[in-house]
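The values are calculated or read from the model by the stated rules, or taken from the named source; none is laboratory data. Note that the coordinates shown come from a computational prediction; the quantities given were computed from them, not determined experimentally. When we count neighbours, we look across all protein chains shown, and the Cβ atoms used for this are built from the backbone with ideal geometry, even at glycine. We work out accessible area using only protein heavy atoms, side chains counted, and drop any ligands, DNA or RNA first. Shrake-Rupley method; radii C 1.70, N 1.55, O 1.52, S 1.80 Å.
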Amino acid sequence: MTCRGLLPSAWRSPTGHSGRQGSLMRSRPSAGGLHSIVTKNKYAKKSWIPHLTKLLQKQLIALDEYPDLTPTVACESMGNPSKQHLLLFNKLCLYFPFIFRVLEASIAENKASLKRTHTEVWSDSPNPHDRKRIDNCPVGLKNVGNTCWFSAVIQSLFNLLEFQRLVLNYSPPARVHDLPRNQKYRNLPFMQELRNLFSLMVGSKRKYVDPSRAVAILKDAFKSSESQQQDVSEFTHKLLDWLEDAFQMKAEEDREGEKPKNPMVELFYGRFLAVGVLEGKKFENTEMFGQYPLQVNGFKDLHECLEAAMIEGEIESLHSAENSARSGQEHWFTELPPVLTFELSRFEFNQALGRPEKIHNKLEFPSMLYMDRYMDRNREITRIKREEIRRLKEHLTVLQQRLERYLSYGSGPKRFPLADVLQYAMEFASSKPVCTSPVEDIDSSQDSLPPLESSGPASGPTTAPAAAQQQRVPIHKPFTQSRLPPDLPMHPAPRHITEEELRVLEGCLHRWRSEVENDTRDLQGSITRIHRTIELMYSDKSMMQVPYRLHAVLVHEGQANAGHYWAYIYDPHQRCWMKYNDISVTKSSWEELVRDSFGGYRNASAYCLMYINDKKPFLIEGTHGLETGQILSGMDKLPADLKQYVKEDNELFDKEIEEWDIMQARKAQQEKLALATAAAAVSAASSTSTSSSPQPMSIESIVSIYNLSLCQCFNYNLFLPCLPGQAIKLEYARLLRFAQEDTSPENDYRLQHIIVYFIQNQAPKKILERTLLTQFADRNLAFDERCKSIMNVARAKLDLIKPEEVNMDEYEMWHQDYRNFRETTIFMMTGLELFQKTNYVEALMYLIYSYQYNKELLSKGLYRGHDEELLGHYRRECLLKLNEQAAAMFESGEEPDVSTGLSIMNELVVPCIPLLLVHDAERDLLAVEDMRNRWCSYLGQEMESNLQEKLTDFLPKLLDCSTEIKSFHDPPKLPTYSTLELCERFSLIMAALGRVPTKGR
């Protein structure tokens, strides 16, 4: 028994997982982008202001112990402050990031109304902009529960524009009440849902649409009392049967009294003539066919499959004048359909194991298929050519057998090329003769060794060193010593051979070797010529009149009881292949199609080929308008009822986008208000402190100090002796030099100062100027007269900047990007550190989020984030390590380990696989293939029934994951660092990596 398709796994078992898709990333946290707000810290409670005030007072009292740091100090003493003074001052500076975190905690505590509910795993992205169709990109289909097979089939049919026209313009028969129950309540509703689905695929503003209604009707048709399972081929047959039935009802109504023409039959069905002999009697029958089944096992290409399918049994009697008792038949196509579909039978039932198995053999197929040799009108020509090919193949077999004797010479289990054997004999004969046996040589050398112990009285203490030195004779150790002893010959050699014998033997061996090489070349040349003759047998023009171009390839990846489907469809207008993988529709190539479809080295292979008649362009041509004569596109080619349907759906989607934008704008406004309120609270709190405390800080100052450490930002010795204006210019010149300097990966100046980040990413000049001046205008610099003069100059320059000169929304966006950069850095550092400690479970989420956040940054500019290849490498390696751990636990067979291993796969690895597939990077694809192959390899192994059951439940989740991105509930919590700590930790972790991974890693 052969299973020609594969049942969607979720219908096979109640444990099949849902296919709802969503986005990995949720909206970024507000107020600085830090998700790990210290809400559990006592300073985040309502009493945080008094605690903060006491903390500042304590530090300022400590400063008072050093009178040379008070404002009354002479200017000279500040020109060269002591190390102790600077350490204490820097210690106070390190509290400013903490102040900022406290502010965030307070803001978060007062924003209960803004708390966002987390999206469920497998859900759509909450942001409708992520689900918006880009330009005229083809629309994808949502996976609504292991329905990737439905998406592949529907997309292949939808992209046949003639089929698309027939479905969109279908109208139900008028006398619906007279129809049988199945047609009334099943076929016609399905037809209407298919029309709705097609109309959305034409004119929707959504990136992908939901086929749930059509799928539900199709699924219900296969529910039986015995819950029998059907394969995908049967679902496809059922779909076409319903379409044929629906169009037949309409055709009979429109052509009363005439023989109705069913457009589905004319599009997909052809006829062949069966000519044969049954028990000595000849017969001829004409039969109709739709999807033509082909066996894959034992064939290397599509033509071989077709040749085998066209001939059944012994057919010699068909060509002879006399009848015989043999039975057999030939098939000859009398009429080919415009759309020719081949089902490739890649599933066979293993009687011994009692289960279906997939055939992974390689099967090649052409992009242009000429069907002339299979047509009834070419029957006689084809028979002549087949006979010629049969004769050539017989001759080819003889030549290959002869060649094999030359290439595998010998009578034992090990065989070698005959030319090499003769060469080895020549080398042996030409070796320098030896006079003794190698065994005798070793025995004699052992006999000559001195005794290990001396039994005579002369062996006293004075002679012991000399005896020991004599005993140190080198011994050849074949497994521990790479060099041969100098007295052992490199090769075996004859003991006795005369010059005459050697001359005669060399002459014979050389002549024989030349003869063998010539014979081998002649055989190989003859074999090549016969192959070429067979290939060109049907290449004349008379046999190239029925061209069929490859339109679609439906691919299955996985095993017989679990897998995933997608389709490659040719776009004749863009002249390229497109890959339709559920919601993802991307440009592809013939090379990628071959890799995924031919089979042989991956678990993926084609199971259905759809060819279209290349001489019937109406199949893929658009509809021309009656008035303009131009090809219609988009909504223009929809009937009135479907235009209204799509319009209403688009209005709903537009409303969803509008509501989302309003909500995001409201959130942003409320966050700004909350931030301003918190800043006012800080000012009020600091004004109640002692007179020695600094002036109240603005929220801009806090943000600035959060972004840098004063020990990194201000070099007092450098700019205090200068004029105030010059000090600002000097600082900018210093930061500009840092931004232009080439550094090693562990020294990233962007982390040390926000200005370096802005310069490298070409921020607008006014934003750079305002950011630098804002930092110099900070009130905390008023502790010294010269610092105060710099502060005053900075404030004056800020006042000169007109409001219209700086776009404050853009200004805030740049600062938010920098906060996101720091956050991404912390994600990356934490993930890499955990990876180095082999804590892969915890490391994974940090690496996943750092890669995703970093990709968002890099989309704005090359220097906005970190090395994408580095992050991609460790993200991939972490998944592979987890996969190995989980597989090892499963192999142990112990119940706790098995459950833990499958939990790792289900909760960590499987949800992350689409992230590796979405961009089709070669190394990511290979990693996914390795992970899947590891688990698929268990299918053919003997194991306990409970393990087999768990494996069967798990594999559909591993294999049936397309490029739809799942959302995770929460990013992991982030540790907090000051700028100084961040730079030091980043340097240590990057240095520990050794080097950036290369392509070989």
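Data table
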{"quantity": "Dipole in debye (nearest 20) - the range 839-995, about Cα centre, beta carbon charges: Lys, Arg +1; Asp, Glu -1", "calculated": "700"}
{"quantity": "Hydrodynamic radius (Kirkwood) for the range 839-995, which is based on Cα pairs only, to one decimal in Å", "calculated": "17.3"}
{"quantity": "Under 14 Å, Cβ to Cβ, from E984 - net charge with Lys/Arg +1 and Asp/Glu -1", "calculated": "-3"}
{"quantity": "Whole-Hz ³J(HN,Hα) from phi, Karplus 6.51 cos²θ - 1.76 cosθ + 1.60, for the range 361-368, glycine and proline x", "calculated": "4, 6, 9, 8, 8, x, 6, 10"}
{"quantity": "Relative contact order computed over the range 839-995 (Cα-Cα under 8 Å; 6+ residues apart), in percent", "calculated": "22"}
{"quantity": "Solvent accessible area, Å² - H177, 1.4 Å probe, full protein context", "calculated": "130"}
{"quantity": "Alpha-carbon centroids, the range 598-670 and the range 356-401: separation in whole Å", "calculated": "41"}
{"quantity": "Accessible area in the full protein assembly, largest first, 1.4 Å probe, for R175, R875", "calculated": "R175, R875"}
{"quantity": "Entries in K672/K797; K261/K358; K132/K250; K250/K300; K766/K788; K643/K860 that, when Cα-Cα distance is taken, lie over 32 Å", "calculated": "K261/K358; K132/K250; K250/K300; K643/K860"}
{"quantity": "Surface accessible to a 1.4 Å probe, per residue, for the residues of the range 839-995, Å²", "calculated": "40"}
{"quantity": "Accessible surface ranking that places the most exposed of C508, C787 first, with a 1.4 angstrom probe", "calculated": "C508, C787"}
